[in-house]
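Participant: Below is one structure. I have some questions about it.
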Amino acid sequence: MTQGVALNRQSPLNSMNPSARSGRIQAVGLTKIFAREDMNATLQALDNVNLAIEPGEFVSIVGTSGCGKSTLLRIVAGLEIPTRGEVLCDGKRVNGPDPQRGLVFQEHNLYPWLTVRGNIEFALKSAKKFKGSQAFVKKLLEVAGLTEFANSYPHQLSGGMRQRASLIRALAVAPDVLLLDEPLGALDSFTRMNLQDEIISLWKERGSTMILITHDVDEAIYLSQRILIMSPRPGRITSELQVPISYPRNRSSSDFVQLRNVILQRLNFARESSEEFNL
């Protein structure tokens, strides 16, 4: 273990989000095998994945491309069915999508015929939470810096604005769990860093459990309380690290840089191990 960064098991989530009570995620023996009809073969994406994420916790999952990160997230969302094992949300088996597990993709999925406000209100109506929500919608728009663009349509917004709108629409229904599948991957560096700060603000505001899929190690360190490292396919969780750095985080601090080096070393080790055993 690299010295200097205290990679302890004590999570600060209780002090960060003391009111969070729902949104515990567990994966037990999770395995996913896809049929490849074009090759008359199968492809194993995940192999015996086990994890536990506490209510209100912010966890990032990192790994190389194709390691099964997005497959894992889609199973947690209820969009994919595991071959073996199960996912539990607050002790109940996940068998399909649920409004209490919101999902934000890399590309925004706003309804183009609705304004920013309309997209948020539609989400609230769909969840039957629209009554008396005008003040709440106004507050969300303020938090995301979109008050002036409340009546704009998606095609009238920048890429960063569209992603902010997607985030607050997902958060509007107050999901217990928010699943983020590389939501900032297509953005330029400046916009990406600004939106990382927005995500932290919205997380602190709403107290949802956050699970972020990313291939960006710095992003994982900057945002999350805990980082899970996956091996190349078939995906397994090979390491788990706490991020003992207080918010707001300095990307140039010695602790940040040292933790980045630890993660990169472990990612490289996972890659070399998979090549050694021809996985």
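Participant: Can you order the peptides 250-262, 102-114 by their average number of other Cβ atoms within 10 Å per residue, highest first?
Facilitator: Packing order, densest peptide first, comes out as 102-114, 250-262.
Participant: Once phi is turned into ³J(HN,Hα) by the Karplus curve 6.51 cos²θ - 1.76 cosθ + 1.60 with θ = phi - 60°, what whole-Hz value does each residue of segment 195-209 show in order, with x for glycine and proline?
Facilitator: Karplus values, whole Hz, x for Gly and Pro: 6, 4, 5, 5, 4, 4, 4, 5, 5, 5, 5, 9, x, 6, 5.
Participant: In addition: Skipping prolines and chain starts, which residues have an amide H placed within reach, meaning under 5 Å, of the one on ARG24, given they are 5 or more residues away or on another chain?
Facilitator: ASP90
Participant: What does DSSP give for the chain in terms of the percent of beta bridges that are antiparallel, rounded to the nearest 5? Present the calculation step by step, with values, prior to reporting the outcome.
Facilitator: Details: 21 of 40 bridges.
Here the share of antiparallel DSSP bridges comes out near 50 percent.
Participant: Give the peptides 226-235, 133-142, 70-79 in descending order of average Cβ contacts within 10 Å, highest first. Could you put the intermediate results ahead of the total?
Facilitator: Details: 226-235: 22.6, 133-142: 15.4, 70-79: 20.8.
Order by mean packing, descending: 226-235, 70-79, 133-142.
Participant: Hey, what do the phi angles of segment 72-85 turn into as Karplus ³J(HN,Hα) couplings, whole Hz, using 6.51/-1.76/1.60 and θ = phi - 60°, x for Gly and Pro?
Facilitator: 4, 5, 5, 5, 4, 6, x, 8, 10, 9, x, 6, 9, x
Participant: Please report, in whole Å³, the volume per residue of the convex hull around the C-alpha atoms of segment 136-203. Could you put the intermediate results ahead of the total?
Facilitator: On the way: hull volume 5.9 nm³, N = 68.
For segment 136-203, the hull spanned by Cα atoms encloses 87 Å³ per residue.
Participant: Sticking with this structure for a sec: From the P(r) of segment 152-251, can you give the percent of Cα pairs sitting at distances over 17 Å? Write out the running numbers ahead of the final one.
Facilitator: On the way: 2758 of 4950 pairs.
Value for segment 152-251 (Cα pairs over 17 Å): 56 percent.
Participant: Amide H neighbours of SER239 under 5 Å, counting only residues 5+ apart in sequence or on other chains, H built in-plane at 1.01 Å?
Facilitator: ILE229
Participant: Quick query: amide H of PHE34 versus all other amide H atoms, modeled in the peptide plane; which residues come in under 5 Å with a sequence gap of 5 or more or a different chain?
Facilitator: So PHE34 has HN proximity to LEU43, GLN44, ALA45.
Bear in mind these aren't lab numbers, they're just calculated from the coordinates by the rules spelled out. Since the model is a prediction, treat every value here as computed from it, not as a measurement. Glycine gets a Cβ as well: all are built from the backbone with ideal geometry, and neighbour counts include every protein chain shown.
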